[in-house]
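A short worksheet on the structure shown next.
The values are calculated or read from the model by the stated rules, or taken from the named source; none is laboratory data. Here the structure is a predicted model, which is why all the values come from computation and not from measurement. Cβ coordinates were reconstructed from backbone atoms using ideal geometry, including for glycine residues, and neighbour counts include every protein chain displayed. With ligands, DNA and RNA removed, areas are computed over all heavy atoms of the protein, side chains included. Shrake-Rupley method; radii C 1.70, N 1.55, O 1.52, S 1.80 Å.
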Amino acid sequence: MTDYPVDMTVKPDVEAFFDEATNTISYIVSDPSSDACAIVDSVMDIDYAAGRITYDHADALIARIKEKGCKLEWIIETHVHADHLSAAPYIQEKLGGKIGVGSKILVVQDTFGKIFNEGTEFQRDGSQFDKLFEDGDTYTIGNMKAFAMYTPGHTPACMVHVIGDAAFVGDTLFMPDGGSARADFPGGDAGTLYDSIQKVLALPDDMRLFMCHDYAPGGREIQWETTVGEEKSNNIHVGQGKTREEFIKFRTERDAQLDMPKLIIPSLQVNMRAGEVPTDKDGNPMLKVPVNGL
Ligand SMILES: [Fe+2]
């Protein structure tokens, strides 16, 4: 396994912004020793029935960064989300920063480029992003060292980003009582997800873990922060040493019962373009619906 440069002495400030429409949590991660910050997993608002896009959630992130007087260095996507649209380009236009995603985005672009019958003008080389992270790649946010950890399974391009003692797990894990994310999208795989989760659980027990989603199981309050130790003890899908075979059986049976996420059709088209809305031949923003294509 890759030897990751964990440094628990670095303790970033983490502010969470919950999006009620999609149960997504976006984060502003700030360096306490400088004016640098990063955003993890932003959200663009969409009224899909009306074909209308707005930016209230992204504007809240932008306002907070301006209020803090921070310099935005990175806009990180943990993966190509299927349940919400990224606001990365909108935020970049207002605040700068580099948009980064896992290098396996090329696989995702190839898969969904075919499903959405995108023409040759849709580049499948990841060039819509500023940075394609490989497993173990390091980067900085001010004085903080961060690294990306390759964690496929939910999708082929998933990465967990570890910034000091805080890890942004994307959709590898949910809160302990939520378990794990589905592994049945094109390119997903339950066994691969189990292996990726083990990489997260191999981080130090007191590493803070920040979720990308929470669905408040059992009607509790929305939560987004836990630790590696908590997940190892209590995660209902992988905790207490559940085996790979047990996980694959459970995950496969459960995924077979799940409906497609409400926003998967617009999300994939936008997010595989780093958050840019596709356009028709006249340059008008336009989304497609492949009938029986998913
Ligand atoms: Fe996801």
Rounded to the nearest 10 Å², the accessible area of Asp59 at probe 1.4 Å: 60 Å²
Rg over Rh, two decimals, the chain (C-alpha only, Kirkwood Rh): 0.94
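When only Cα pairs under 8 Å and 6 or more residues apart are kept, what is the percent relative contact order across the chain?
This gives 18 percent for the chain.
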Rounded FRET efficiency, nearest 0.05, which uses the C-beta distance separating Asp282 from Met260 and R0 of 25 Å: 0.25
Mean projected area (nm²) of the alpha-carbon convex hull when region 1-111 is viewed from all directions: 8.9 nm²
Accessible surface of Leu95 - all protein chains present, 1.4 Å probe, nearest 10 Å²: 40 Å²
Nitroxide proxy distance, nm - points 7 Å out along Cα→Cβ at Ala49 and Ser127: 4.0 nm
Alpha-carbon Debye profile of region 116-160, log10 I(q)/I(0) at 0.21, 0.28 Å⁻¹: -0.85, -1.05
Estimated distance in nm for a label pair at Asn23 and Thr243, the labels positioned 7 Å out from Cα along Cα-to-Cβ: 3.0 nm
Candidates per GluC sites (Glu not before Pro) in region 1-78, loop by DSSP, up to 16 other Cβ within 10 Å: Glu20
Per-residue [θ]222 nm for the chain (sum of -39500 (n - 2.57) over DSSP H runs n ≥ 4, rounded to 500): -7000 deg cm²/dmol
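How big is the Cα convex hull of region 146-246 in projection, averaged over all directions, in nm²? Don't jump to the answer; show the numbers that get you there.
Working: hull surface 23.8 nm².
Mean projected area for region 146-246: 6.0 nm², to one decimal.
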Mean shadow area of region 39-175, taken as a quarter of the surface of its Cα convex hull (nm²): 9.4 nm²
Cross-link pairs Lys66/Lys281; Lys94/Lys232; Lys104/Lys145 - those with Cα-Cα distance over 32 Å: Lys66/Lys281; Lys94/Lys232
Separation between Cα centres of region 174-214 and region 59-92, rounded to whole Å: 23 Å
Percent antiparallel among DSSP beta bridges (both partners in the chain, rounded to 5): 70 percent
Solvent-accessible surface (1.4 angstrom probe) belonging to Cys158, in square angstrom, nearest 10: 0 Å²
Rounded Å value of the spacing that divides the Cα centres of region 93-140 and region 239-280: 18 Å
